[in-house]
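First the structure, in the form of structure tokens, and then the observations on it.
The values are calculated or read from the model by the stated rules, or taken from the named source; none is laboratory data. The model shown is predicted, which means the values in this text are computed figures rather than measured ones. Positions of Cβ are generated from backbone atoms using ideal geometry, with glycine treated the same way; all protein chains shown enter the neighbour counts. Surface areas here come from the heavy atoms of the whole protein model, side chains and all, with no ligands, DNA or RNA. Shrake-Rupley method; radii C 1.70, N 1.55, O 1.52, S 1.80 Å.
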Amino acid sequence: MSDEEKTDENADATEAEEAPVEEPVAEDAPAEEPVVEEPPAEEAPAEEPPAEEEAPAEEPPAEEPPAEEEAPAEEPAAAAPVADAEPEEKLTPKQTRKLARSQHTGEAKPQRSPEERVAERAAARKAANAARARGRARARSKHQPGTGTPPAEHVPGSKKVRQGTVVSSKADKTITVRIELVRRHPQYEKIVRKTATIHAHDEANDANAGDVVRVIESRPLSRTKRWRLVEVLERAR
């Protein structure tokens, strides 16, 4: 090999060795910059603690009122779930039975025909009626009848007696008597005369028109007769 070729190879070798050395130098440069700048950023918060120590001394009186105000704010939040829990939907009897059937975990009953179900319901009703009858019988056996209120004694009152003039005796065993009532008015104190006509029973047809008779009150003898003839005081002339 000639000397020129050797020099060319050496030059290429040196260029190849220098090239990789320059690349890492360019990459290391940016990595060193943040390391140098970080320490001053950490030193700044080290000087702030004195300012933080002074703040708590002034803050407690300002923070006490908010602490008291927050307590009532929490009570409505706790009461809200209770109010929401009250309006619960009430299930109907049909829904209750359906829910119970859905939660049943036992063995299912065999399928029955409509006639068998009707017979089963009739037997259940008959058993319930028998149970109610037994309960009533037990209640009657335990009940002791009392004497109750004794019946009041019948005391006949004084019957009314009136005197009047026979107006008509045409009916059989019945006379029509006109009675005059003379009374003083309770407010105006004036003598007031009233006339009433009654029917009286005359068993022997003894009285005639124009006679003055005495009648007495009696039980209802007909639709209009409530009086009975006692005696004839004066005969008509």
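Over the stretch 142-234, what lengths in whole Å, largest first, do the semi-axes of the equivalent ellipsoid take, defined as the square roots of 5 times the eigenvalues of the alpha-carbon gyration tensor?
37, 23, 11
When you count, for each residue, the other Cβ atoms within 10 Å and take the mean per peptide, how do 171-178, 193-200, 108-115 rank with the highest first?
In descending order of packing, they fall as 171-178, 193-200, 108-115.
Grab the other residues whose beta carbon is less than 10 angstrom from that of THR165, score K and R as +1, D and E as -1, and report the net. If you can, show how the numbers build up before the last one.
Details: positive: ARG178; negative: GLU180, ASP211, GLU234.
Summing Lys/Arg as +1 and Asp/Glu as -1 gives -2.
Just add up the charged neighbours of GLY210: K/R +1, D/E -1, any other residue whose Cβ is under 14 Å from the Cβ of GLY210.
Working: positive: LYS170, ARG178, ARG235, ARG237; negative: ASP206, ASP211, GLU234.
Neighbour charge sum, excluding GLY210 itself: +1.
Just order 155-161, 128-134 by mean Cβ neighbour count inside 10 Å, highest at the front, would you?
Order by mean packing, descending: 128-134, 155-161.
Taking a probe of 1.4 Å, how large is the accessible area per residue of the stretch 86-136, in Å²?
Ligands and nucleic acids excluded, the result is 102 Å² per residue.
For ARG178 and ARG121, compute 0.36 nm times the residue count separating them, minus their Cα-Cα distance, and round to one decimal in nm.
Extending this stretch completely gives an extra 12.9 nm.
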